[in-house]
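The values are calculated or read from the model by the stated rules, or taken from the named source; none is laboratory data. Everything numeric in this text was worked out from a predicted model, so none of it was measured. Heads up, the Cβs are rebuilt from the backbone with ideal geometry, glycines too, and the neighbour counts pull from every protein chain shown.
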Amino acid sequence: MKSRNNSTSKFISLILRHKPEVIGITLDEHGWARVDELIAGVNRTRPLDLAGLEEIVRTDEKRRYSFNEDKTKIRANQGHSVPVDVELEAVTPPELLYHGTGEKYVDSIEAKGLIPKTRLYVHLSGDYETAFKVGARHGKPRIYQVHAGKMAADGYVFYRSVNGVWLTKSVPPKYLTRTW
Ligand code: HQG
């Protein structure tokens, strides 16, 4: 059950962040998909009912998804590559945030700074341990301190997703310090 949920959850993440077209649905401008359409679309290739979807949303370890109030709509909280506005609120960041990446990206990051690549934002973590886990997805992890307080003072805007991930458009190299 757990592993089936994991693979269904990954599939839902693909649909709600990147490729709603794989099941023939669309997201609205705020990233919402209709729950009935999502369930019907997922059902073409794997079993899913409303209870199963509710369980995935409730138990997701990174709180990746939210329902609207009457549970007719669902969206990913962050991580999109498709251009949607999930109505993030700008918030003042702490002095330091962290970014975990793979060693293979270090040269490019120190030349160009952090860029969102395929996503809408650069993702930053509130603590070193979380950044380490994110970095480990890309090979040998390398963690940067991000001088977010300084960036905010210089006019950069930060958002925090409901699941605690920090987002900003880009981070120039001068705001990055190696932790290794
Ligand atoms: C790197 C997961 C070369 C960047 C996580 C990262 C996160 C550069 C990779 C969320 C670069 C992009 C996002 C530059 C940045 N040159 N490489 N100038 N600037 N990079 O997956 O931050 O499980 O798009 O360091 O927990 O790893 O999906 O971003 O290594 O919160 O919910 O380019 O995804 O959450 O990789 O991860 P990604 P990310 P989920």
**OP:** Considering every residue within segment 43-57, establish whether at least one is within 16 Å of the ligand (Cβ to nearest atom), crowded, with 16+ Cβ neighbours inside 10 Å and either more than 27 Å from P116 (Cα to Cα) or in contact (Cβ under 8 Å) with a residue 12 or more places away in the chain (or both).
**Re:** yes
Original post:
closer than 15 Å to V162 by Cα, in contact with a strand residue (DSSP E or B) (Cβ under 7 Å, 6 or more places away or on another chain) and crowded, with 16+ Cβ neighbours inside 10 Å, is that true of V35?
Top reply: no
**OP:** Return yes or no: is A76 among the hydrophobic types (A, V, I, L, M, F, W, C), under 18 Å from L14 (Cβ atoms), in contact (Cβ under 8 Å) with a residue 40 or more places away in the chain and more than 16 Å from the ligand (Cβ to nearest atom)?
**Re:** no
Subject >> helices (runs of 4 or more DSSP H) enclosed by segment 69-180 - at least 3 residues per element that are surrounded by 14 or more Cβ atoms within 10 Å (Cβ to Cβ), modelled with pLDDT of 95 or more and of a type outside the set (G, A, S) >> reply: 128-136
